[in-house]
Amino acid sequence: MIDINVSFGSWPFQRFAENTPAKLSRHLKHEGISHALVSSIDAIFYPDPDVYNRLLVESLKPFPELLPVFTVNPILSNWEKIVDSSKIKAVKIYPGYHNYPLLSDQVYLLADKLVENKMALMIQMRVEDERSHHPLCQIPPVPVADIIKFAKKYPLLPVICLCPYFAEAIELTAAANVYVDISYVETLNTIARTLRDVPAEKILFGSHTPFLYTRGATMKTEYAEIDKTTLKMITGTNARKIFKLK
Amino acid sequence: MIIDAHIHYPFAEYTEMKDICEVIRLAKKFGVSKLFLLGDVFRHGHFQNEEQIKEINDLTIELVRKHPDFLVGFCYLNPSNSPDFMIEEIERCVIKNGFKGLKFELSLNCRSKKLDAVMRKAGELDCAVFQHSWYRSTGRYNEESTPADIADLASRFPDVKIIMPHLSGCGLRGMLDIAGHKNVYVDSSGSQPVAGMVEYAVKTLGADRVLYGSDVPGRDFSAQLGRIYGAEISEKDKAKILGLNAMKIFNLKQA
């Protein structure tokens, strides 16, 4: 099983049990996750995300199943260097936390570059439920309408939305090149119900570990009332294809 | 044995009577053996009149009668309604229909003295009370209760068991608010399965004061049970949270 939504690092509002790469690796294996795309939590608030991208690469080296995903802030001048140095065919952006609109020239330049490099764009729509943000640190989610408009402008760019809610996931995946992870998608009989409105090839397994209990996501797939082929697509095949994983 | 101490019905697209059978089917698939039905709390908005409250409870009565071994009813009330009506409604639901407790939502902050009559009645009948609660940084509803408000209610009625729903919504601050009030319990529902919350609840309140609740059908058994199974607590504590505590608090007999 491939988990496309894992983070590592420190967060001021939560304490994580998986606070070393070794613990994270052990934990994910225990949960049945063979590979994970991992980004740095510290890169969200630190003024230059690349400092933490590099530290992430170093710390994950002993764990080849943990694949580092670089965080890019397109309003900083080092964005292109970060994109070119990524080994994974994707980078992650946090428009809410880095305080820029998705529909802006800086992001368009990033999108052009990703298309040129045949890479995907991961958009962290939210990190936490907005209702539980620190009252003085309320970060708006990335607007669904902006993502759809952006994705339509770049039909060759796979856009992977992390942490959309159920209704948002349905709306987002109406755009041909938009994909969603299941970490925040929740309704009764989650996977089977979502598949009524979202094609299987648009759904990716993501747990949002360590912010959420990994088991919350694995139980969604473990108990999913779907055939084995569809389950395999969600838990691995789709991710392999989009991120060009071996 | 798993008891889900927090579900609603109907909700969203689950509006037909046959749909409750689907909820029960899915619950059974996850090993759940009882569902606490807290009522259709958003029907008619937040400030229901007496007729509307009766309509909500009529539906719960009907559902519990159809599935007596699986559904446990709770009497939904708007504490702004007249005390006489509320007492009558409690007697109808609890004494005549075997409901196990009361449920208050967003219609009146629980610091209000208007709750006193029903709280006294709850104490008299040994009924537990579910009082909605949340620390909402996006702005709270006018009459919404916070965990601090629940602590106030608990200190006024120390002999009445109060369940504070929404572990993730109440947060660490909420658990600290109620920690000193031994008659307050927390249910594990609310929002996504935020990691570390169950461990913190067990450490702060003790495992005896934590109940599993899903908030289905707005939520799913998978993610909500995942937060209990995924928590780094003992198997003994998990068993308490998943059902033993509810059995004890609500005087339920094992099937």
- Taking into account only those residues within the stretch A:173-185 that are crowded, with 24+ Cβ neighbours inside 10 Å and out of contact with any His (no Cβ under 8 Å at 6 or more places or on another chain), which is nearest to B:Gly190 (Cα to Cα)? A:Val185
- Item | Residue satisfying all of: in the stretch B:112-145; part of a loop (DSSP other than H, G, I, E, B), of a type outside the set (S, T, N, Q) and away from every other protein chain (no Cβ under 14 Å); nearest to B:Leu37 (Cα to Cα) among these | B:Cys127
- Message: When the residues of the stretch B:157-194 are narrowed to those that are on the phi > 0 side of the Ramachandran plot and in contact with a Gly (Cβ under 7 Å, 6 or more places away or on another chain), which ends up nearest to the other protein chains (Cβ to nearest Cβ)?
- Response: B:Ser191
- Note on the structure: The number of residues in the stretch B:1-59 that are surrounded by fewer than 16 Cβ atoms within 10 Å (Cβ to Cβ), in contact with a Gly (Cβ under 9 Å, 6 or more places away or on another chain) and within 14 Å of another protein chain (Cβ to nearest Cβ) is 1
- Query: Quick one: would you say A:Ala217 is on the phi < 0 side of the Ramachandran plot, within 14 Å of chain B (Cβ to nearest Cβ), in contact with a Cys (Cβ under 8 Å, 6 or more places away or on another chain) and among the small types (Gly, Ala, Ser)?
  - Reply: no
- Screening A:Ala36, A:Ala43 for residues that are under 24 Å from B:Gly226 (Cβ atoms) and either under 18 Å from the mean Cα position of the chain (by Cα) or in a strand (DSSP E or B) (or both) leaves only A:Ala36
- Item | Qualifying positions in the stretch B:208-221 - facing chain A (nearest Cβ under 7 Å) and either over 19 Å from the mean Cα position of the chain (by Cα) or of a type in the set (D, E, K, R) (or both) | B:Arg219, B:Asp220
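Within the stretch A:229-246, is even one residue at the interface with another protein chain (Cβ under 7 Å from one of its Cβ atoms) and either surrounded by fewer than 24 Cβ atoms within 10 Å (Cβ to Cβ) or not in a helix (DSSP H, G or I) (or both)?
Checked against the condition, which is being at the interface with another protein chain (Cβ under 7 Å from one of its Cβ atoms) and either surrounded by fewer than 24 Cβ atoms within 10 Å (Cβ to Cβ) or not in a helix (DSSP H, G or I) (or both), the stretch A:229-246 yields no hits at all.
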- the stretch A:15-26, subset under 22 Å from B:Tyr200 (Cα atoms) and either under 19 Å from the mean Cα position of the chain (by Cα) or aromatic (Phe, Trp, Tyr) (or both), residue farthest from the other protein chains (Cβ to nearest Cβ): A:Leu24
- Members of the stretch B:175-205 that are closer than 23 Å to A:Pro12 by Cβ, modelled with pLDDT of 95 or more and among the hydroxyl-bearing types (Ser, Thr, Tyr): B:Tyr200, B:Thr204
- Note on the structure: Every listed condition ((1) part of a loop (DSSP other than H, G, I, E, B); (2) free of Cβ contacts under 8 Å to residues at least 60 places away in the same chain; (3) not acidic (Asp, Glu)) holds for A:Ala17 save (2)
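Quick check on this structure: which one of A:Tyr179, A:Tyr154 is at pLDDT 95 or above, more than 16 Å from the chain's Cα centre (by Cα) and away from chain B (no Cβ under 14 Å)?
A:Tyr154
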- Task: Please note which helices (runs of 4 or more DSSP H) are completely contained in the stretch B:146-238 and include at least 2 residues that are within 25 Å of A:Leu188 (Cα to Cα).
- Result: B:167-178, B:197-205, B:221-229
- Residues in the stretch A:39-62: is at least one over 14 Å from A:Leu212 (Cα atoms), surrounded by 14 or more Cβ atoms within 10 Å (Cβ to Cβ) and within 14 Å of chain B (Cβ to nearest Cβ)? no
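Quick one: how many residues across the stretch B:227-242 are within 14 Å of chain A (Cβ to nearest Cβ) and either within 19 Å of the chain's Cα centre (by Cα) or basic (Lys, Arg) (or both)?
Residues in the stretch B:227-242 being within 14 Å of chain A (Cβ to nearest Cβ) and either within 19 Å of the chain's Cα centre (by Cα) or basic (Lys, Arg) (or both): 5 in total.
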- Query: Any idea which residue in the stretch B:210-247 is nearest to B:Leu37 (Cα to Cα), counting only those that are of a type in the set (D, E, K, R) and in contact (Cβ under 8 Å) with a residue 12 or more places away in the chain?
  - Reply: B:Asp215
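The values are calculated or read from the model by the stated rules, or taken from the named source; none is laboratory data. Quick caveat: nothing in here was measured; it's all calculated off a predicted structure. Reconstructed Cβ throughout: ideal geometry from the backbone, glycine too, with neighbour counts over all protein chains shown.
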